[in-house]
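Comments concern the structure below.
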């Protein structure tokens with residue numbers, strides 16, 4: 001492994017992905033520094049989820065993706081799962097599974113293939129449940145939880161992996177505005193207390209801009225803008241790439257993007 | 001002081017109490033499973049045209065253990081009925097029932113499909129066709145069914161793997177839009193296709209119809225120790241592989257993508273488990289013919305009663321599946337005595353209504 005203290009958490013060089021012959025990512029360059037929160041935005045079909053899947057090792061891109069200096073292709077699956085944890089856009093909820101058992105799945109990369117969890121694995125799980133205020137929920141079935149509680153449980157499983165790189169694919173798309181803020185505040189706290197690096201995709205641009213250190217605008221499989229939120233969330237860029245009519249006004253923690261109805265010309 | 005801080009939580013974790021444990025096989029459920037097996041064994045040996053006192057039968061069974069010699073009060077003839085006729089039949093019932101239930105539970109986990117079962121996936125039909133081919137064409141069997149040559153389980157294994165591969169490919173043909181029901185529909189189509197092949201073969205080889213049908217309707221009736229010896233190695237291998245992977249089946253339950261991001265190799269685990277479950281099904285089918293629904297009834301009952309984790313479902317399915325089939329066999333040979341009802345008929349009579357229950361509870365998963 002190369003010098004991991006200096007290497008960025010994520011380093012993408014000319015990442016190209018095609019699915020069923022259709023190019024989805026057409027040469028993406030992107031770095032995420034350790035401890036940074038970078039949010040990828042872009043219109044539907046821009047390749048945001050594909051980007052996250054490639055970083056998470058779910059798509060073949062062995063040389064184009066480096067995590068903490070190591071090419072993805074050099075990491076074994078279990079090693080990779082200790083480095084990068086993913087919260088999927090709509091995670092599968094296994095019928096009948098209790099919260100404790102679900103969070104314990106996060107320890108899979110540490111449990112010997114045919115073995116069982118150790119006391120240390122259980123200790124990590126209990127610590128994570130405690131940290132996310134889920135201790136009282138340990139025996140509850142995942143399917144019976146509310147959306148906000150469930151999102152905390154999904155996060156808990158990712159944290160139990162002990163990975164320092166967290167990939168969040170639309171982490172708040174199923175939540176109301178209060179729970180959106182609750183979950184994102186929690187991620188931000190964990191980022192500080194656990195030294196996590198966050199790479200997320202989000203649709204709500206105002207909220208995305210409030211939490212991200214840096215934003216990347218993806219369109220047609222290419223990075224078309226990258227930088228602090230107030231450089232990426234501009235009326236010009238959003239109009240061009242989202243074909244959206246928006247007003248951008250300065251807010252306390254970043255620009256606020258307001259969709260406005262296009263003027264009807266032929267009236 | 002710590003406790004004071006934590007008092008506000010929904011359920012305060014008490015310092016001295018043991019922290020909550022993950023899903024796993026609890027001792028009382030294991031004990032219940034072992035008890036069910038023992039009850040089924042004693043009942044299977046006691047009940048029949050000549051009823052024997054269960055207490056004496058239990059003593060006679062203990063006598064089979066090394067270093068035990070007790071007086072059961074049974075005559076020589078009754079002891080022969082116990083050890084040579086009924087015991088091998090009950091033991092074969094335990095092995096076959098355990099295999100079918102375990103294979104059903106494993107298929108349900110691997111395909112993430114509550115309706116997966118050796119029969120609905122066409123696996124049993126594949127094994128049936130392959131065995132029919134061997135019996136009618138006499139390939140390697142030399143016409144001797146009674147000896148149950150090794151050829152039959154091997155042919156059944158090849159047939160079951162071929163069938164599960166066909167079902168899987170046909171079921172995936174719908175691409176991303178496929179639902180769990182697609183797989184079952186594919187299984188039904190594959191079953192029909194293979195059964196048609198079997199019927200055709202039988203019609204062309206009328207002289208073997210008798211032989212094949214007596215096998216198809218269930219062979220527990222003619223079971224001897226040689227059948228037990230033949231199934232036992234497959235039983236051990238299948239159980240070992242599937243039980244060792246029971247935790248991985250829980251990981252697979254979050255889907256391939258998430259399982260892969262948790263460090264698992266989903267396809268590798270899936271193929272290994274499919275092979276193991278198909279081997280178990282093949283061994284069960286080649287020893288006892290076509291006995292349906294055990295792979296649905298038993299794992300689902302265990303799931304409802306003892307928990308949804310495969311760490312619980314699989315070992316308990318093995319035990320309760322065995323007990324279930326051995327007891328069903330008692331019903332099959334006593335309900336219409338002196339005639340025997342084919343055991344597959346009894347399991348189907350029980351399984352049909354049960355299937356409706358499973359369908360209703362699985363509706364959410366299927367839509």
* Top of B:244, B:236, B:272 by mean-square fluctuation, Gaussian network on chain B, Cα under 10 Å -> B:244
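Going by how many other Cβ atoms sit within 10 Å of their own, how do B:191, B:317 line up, fewest first?
Numbers: B:191 23, B:317 35.
Arranged by neighbour count, lowest to highest, B:191, B:317 become B:191, B:317.
Restricting to chain A, compute how many DSSP beta bridges are antiparallel as a %, nearest 5. Write out the running numbers ahead of the final one.
Numbers: 24 of 41 bridges.
Of those bridges, close to 60 percent are antiparallel.
Take B:288, B:253 and order them by how many other Cβ atoms sit within 10 Å, fewest up front. Write down the numbers at each step before the final one.
Values: B:288 29, B:253 24.
Ascending Cβ contact count within 10 Å gives the list B:253, B:288.
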* Asked: If you project the alpha carbons of the stretch A:10-259 onto their three principal axes, what span does each projection cover, largest first, in Å?
  -> 54, 40, 32
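Relative to the compact globular guide of 2.2 N^0.38 Å, what is the alpha carbon radius of gyration of the stretch A:146-249, as a ratio? Walk me through the intermediate numbers first.
Working: Rg = 14.7 Å, N = 104, 2.2 N^0.38 = 12.8 Å.
Ratio of Rg to 2.2 N^0.38 Å for the stretch A:146-249: 1.14.
Take every DSSP beta bridge whose two residues both sit in the protein assembly as shown, then give the antiparallel share in percent to the nearest 5.
On the way: 24 of 41 bridges.
Around 60 percent of the beta bridges assigned by DSSP in the protein assembly as shown are antiparallel ones.
At a Förster distance of 35 Å, what's the computed FRET efficiency of residue B:265 paired with residue A:90, Cβ-Cβ distance as r, to 0.05? Could the numbers behind the result be given before it?
Values: r = 23 Å, r/R0 = 0.66.
Efficiency computed from Cβ-Cβ geometry: 0.90.
Going by how many other Cβ atoms sit within 10 Å of their own, how do B:213, B:234, A:242 line up, fewest first? Could you put the intermediate results ahead of the total?
Details: B:213 12, B:234 23, A:242 19.
Listing B:213, B:234, A:242 from fewest to most nearby Cβ atoms yields B:213, A:242, B:234.
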* Computed P(r) (all Cα pairs; the stretch B:223-357; 10 Å bins; percent) -> 11, 36, 34, 14, 4, 1
* For the protein assembly as shown, convex hull of alpha carbons as volume per residue, Å³ -> 218 Å³
* Asked: Restricting to the stretch A:71-219, what percent of DSSP beta bridges are antiparallel, rounded to 5?
  -> 10 percent
* To do: Compute the acute angle (0 to 90°) between the alpha-carbon long axis of helix A:177-194 and the principal axis of greatest extent of the alpha-carbon atoms of chain A; round to the nearest 10°.
  => 60 degrees
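Show me the ranking of peptides B:104-111, A:67-74 by mean Cβ neighbours inside 10 Å, starting with the highest. Kindly include the intermediate steps, with their values, before the conclusion.
Working: B:104-111: 27.9, A:67-74: 18.0.
Packing order, densest peptide first, comes out as B:104-111, A:67-74.
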* To do: Report, to the nearest 10°, how far helix A:119-131 tilts away from the longest principal axis of the Cα atoms in chain A, using its own Cα long axis and a range of 0 to 90°.
  => 40 degrees
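May I ask you to compute the full-extension gain from residue A:243 to residue A:26, defined as 0.36 nm times their residue separation minus their alpha-carbon distance, rounded to one decimal in nm?
Working: separation 217, 0.36 × 217 = 78.12 nm, distance 2.08 nm.
Full extension from residue A:243 to residue A:26 adds 76.0 nm.
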* Structure fact -> Note on chain B: alpha-carbon gyration tensor, axes a ≥ b ≥ c; rule is a/c under 1.5 for rounded, else prolate if a/b larger than b/c, else oblate; result oblate
* Helical mean residue ellipticity (222 nm; -39500 (n - 2.57) per DSSP H run of 4+; nearest 500) of the protein assembly as shown -> -17000 deg cm²/dmol
* Asked: So, in nm, how far is label residue B:50 from label residue B:77 when the simple model puts each one 7 Å beyond its Cα toward the Cβ?
  -> 0.6 nm
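Residue by residue through B:248-257, how many Cβ atoms from other chains fall within 10 Å of the Cβ on average?
Details: counts 4, 0, 7, 5, 1, 9, 10, 4, 2, 7.
Per residue, the number of nearby Cβ atoms from other chains is 5 on average.
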* Taking Cα centroids, how far is the stretch B:85-134 from the stretch A:51-116 in Å? -> 34 Å
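All of the numbers you see were taken from the coordinates with simple rules; none came from a lab. As the structure is a computational prediction, the values presented were derived from the model and not from experiment. Here the Cβ is made from the backbone with ideal geometry for all residues, glycine too, and neighbour counts use every protein chain on show.
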